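Take a look at the structure below.
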Amino acid sequence: MQTHVVRQPIIGLDKSVLGCQVIYQDKGLSLYNQDDVLAANAIADFFTRLDSQHFKDENNIFITFTPNLLLRSVPQIFTPERLVIEVTDSCIIHPEVQKTIYDYARQGYRIAVKDFEFSPRYFALLGVVEYIKIDMESTDETAESLVKIGKTFHKKIIAYNVNTTQAYEKAKACGCQYFQGTVVAAAMASQINRMDHLQSNFFQLTAAVVKDEPDLDEITEIISRDVTLAFSLIKMVNSSFFALRHSVRSVKQALVVLGLGQLKQWVYLLSFKKNENQFTDEIIKLSFLRANFCAELSQMIPGMSITKSDAYLMGMFSTLGMLMEVSLEASLAELPICEEIRGALIDKEGKAGALYKLVLAYEEADWATVESHAEELGLNKEVISQKYMKCIEYVTKIWNSLNQPYKDNAED
């Protein structure tokens, strides 16, 4: 049974990252409402594999559980410190499951209620609920009153399906404290004061540059993990200072033009920058994941119009507008990228644009749209989930290494 999964960050007004929502789907049908034992077994197996291989760097993982998954002790795959058990009405109306939810709370698991309602069955659980989640796509004028009720009981309020600017503004006006959805990053990007590079990644770059015999491939790989570093390098090398006949369009080309001496000077200048912005890190992580996901999928699409390296840049630079506090079009104007990438990112044109739309739809857990674009691209639907999980595993591995205290292994 092939299961599709996507990770969506949950962000606070202060730019802090509360955690991530793991959304899963199987064979075109949401498993949230399937209570059969077969579904429970499949998801139990899936989550066992997920926790052992992926999301190792995540705390506060929000997962919606069906009654069967709760009764079969699937949440115990995760430690209480990491997991927030999300329940829906199908769990709340089930007396035995209500008792099980209280048991999980006593074990230290935190509980979130999705689509809270003003009714006795919901109030029966308020004693153990920490988070209340409100759907900004379907909630009408009652949203504000629901938020007030939740805050009266000292609950934290999360607005989800924040997929439009109007939904984001409405969620803020209602008093929601956390936000989840496709426009969250864009709506909050104005709070980012500058383009910051990931500090731990920068430490590795510094170490690689000062080696007696620097490895160009290693340096290229390090810079390619961080959209801000890649942007700064390519923009600088294409400046009038270098007076190049032809534009440089890749990190490796830029490094060859720059040379080791000037590369060291560039790194020295960057060393004066500091990154204290967790939200910026989240965007950089998203760009790294998109870059790898686009590159992997591009190789599987018949007659793809861009190369794997161009697909990587497309995914990486898709977040550039957020980081620069300008429109995506304005940010891309600074770069000599090929017109197919520019058209794909700005107007979602051509096959590259269809690939970009597919990746965005996957992030949104919009499975119907994913299926539509997969069919348009001649892409096997099963491959998409496999490649996403492969990319999550790779990005997580790299991210974990970057967040470890830097150690000089030069003697090794």
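Tell me yes or no: at least one residue of the stretch 141-162 is assigned to a helix (DSSP H, G or I) and within 22 Å of the chain's Cα centre (by Cα).
First pass over the stretch 141-162, keeping only residues assigned to a helix (DSSP H, G or I): 143-152.
Adding the requirement that they be within 22 Å of the chain's Cα centre (by Cα) leaves none.
The answer is no; no qualifying residue exists.
Look through the stretch 89-112, keep the residues that are touching a Lys or Arg at 6+ places or on another chain (Cβ under 7 Å) and not small (Gly, Ala, Ser), and return whichever of them is farthest from GLY19 (Cα to Cα). Reasoning before the result, please.
So the first thing to find is which residues in the stretch 89-112 are touching a Lys or Arg at 6+ places or on another chain (Cβ under 7 Å), and the list is 92-93, 112.
Within this subset, residues satisfying the condition of being not small (Gly, Ala, Ser) are 92-93.
Values: ILE92: 24, ILE93: 27 Å.
Only one residue tops the list, namely ILE93.
Can we say SER271 is more than 26 Å from the chain's Cα centre (by Cα), surrounded by fewer than 19 Cβ atoms within 10 Å (Cβ to Cβ) and modelled with pLDDT under 80?
On the way: more than 26 Å from the chain's Cα centre (by Cα): yes; surrounded by fewer than 19 Cβ atoms within 10 Å (Cβ to Cβ): yes; modelled with pLDDT under 80: yes.
When the stated conditions are applied, SER271 passes them.
Among what's in the stretch 347-367 and is modelled with pLDDT of 90 or more and among the small types (Gly, Ala, Ser), pick the residue that is surrounded by the most Cβ atoms within 10 Å (Cβ to Cβ).
Among those that are modelled with pLDDT of 90 or more and among the small types (Gly, Ala, Ser), it is ALA352.
Counting just the residues of the stretch 51-71 that are modelled with pLDDT of 80 or more and within 15 Å of LEU18 (Cβ to Cβ), which one comes out surrounded by the fewest Cβ atoms within 10 Å (Cβ to Cβ)?
Across the stretch 51-71, the extreme among qualifying residues is ASN60.
Among the charged types (D, E, K, R) and under 16 Å from the mean Cα position of the chain (by Cα): is that true of GLU296 in this structure? Step through it out loud before you land on a result.
Values: among the charged types (D, E, K, R): yes; under 16 Å from the mean Cα position of the chain (by Cα): no.
Considered against the rule, which asks whether it is among the charged types (D, E, K, R) and under 16 Å from the mean Cα position of the chain (by Cα), GLU296 comes out as no.
Within the stretch 77-89, is there a residue that is assigned to a helix (DSSP H, G or I), modelled with pLDDT of 80 or more and surrounded by fewer than 18 Cβ atoms within 10 Å (Cβ to Cβ)?
Looking only at the stretch 77-89, we keep the residues that are assigned to a helix (DSSP H, G or I), and these are 77, 89.
Filter once more, keeping what is modelled with pLDDT of 80 or more: 89.
Those still in the list that are surrounded by fewer than 18 Cβ atoms within 10 Å (Cβ to Cβ) too: 89.
The answer is yes, given that some residue of the stretch 77-89 is assigned to a helix (DSSP H, G or I), modelled with pLDDT of 80 or more and surrounded by fewer than 18 Cβ atoms within 10 Å (Cβ to Cβ).
Residues in the stretch 175-191: is at least one farther than 21 Å from PHE62 by Cβ and at pLDDT 85 or above?
Within the stretch 175-191, none of the residues are farther than 21 Å from PHE62 by Cβ and at pLDDT 85 or above.
If we keep just the residues of the stretch 102-154 that are of a type in the set (Val, Ile, Thr) and in contact with a helix residue (DSSP H, G or I) (Cβ under 7 Å, 6 or more places away or on another chain), which is surrounded by the fewest Cβ atoms within 10 Å (Cβ to Cβ)?
Within the stretch 102-154, the subset of a type in the set (Val, Ile, Thr) is 111, 113, 128-129, 132, 134, 139, 142, 147, 149, 152.
Of the ones still in play, those that are also in contact with a helix residue (DSSP H, G or I) (Cβ under 7 Å, 6 or more places away or on another chain) are 111, 113, 128, 132, 134, 147.
Numbers: ILE111: 20, VAL113: 26, VAL128: 18, ILE132: 23, ILE134: 24, VAL147: 23.
Ranking the candidates gives VAL128 first.
Looking at the stretch 325-342 only, could you name the residues that are surrounded by fewer than 16 Cβ atoms within 10 Å (Cβ to Cβ) and in a helix (DSSP H, G or I)?
Hits for the stretch 325-342 are GLU329, ALA330, GLU339.
Any residue that is part of a strand (DSSP E or B) and at pLDDT 70 or above - is there at least one of those in the stretch 94-102? Please lay out each step first, then the result.
To start, the set of residues in the stretch 94-102 that are part of a strand (DSSP E or B) comprises none.
Looking for residues that are part of a strand (DSSP E or B) and at pLDDT 70 or above, one finds none in the stretch 94-102, hence no.
The values are calculated or read from the model by the stated rules, or taken from the named source; none is laboratory data. None of the values given here were measured: they were computed from a predicted structure. Backbone-built Cβ (ideal geometry, glycine too); neighbour counts: all protein chains shown.
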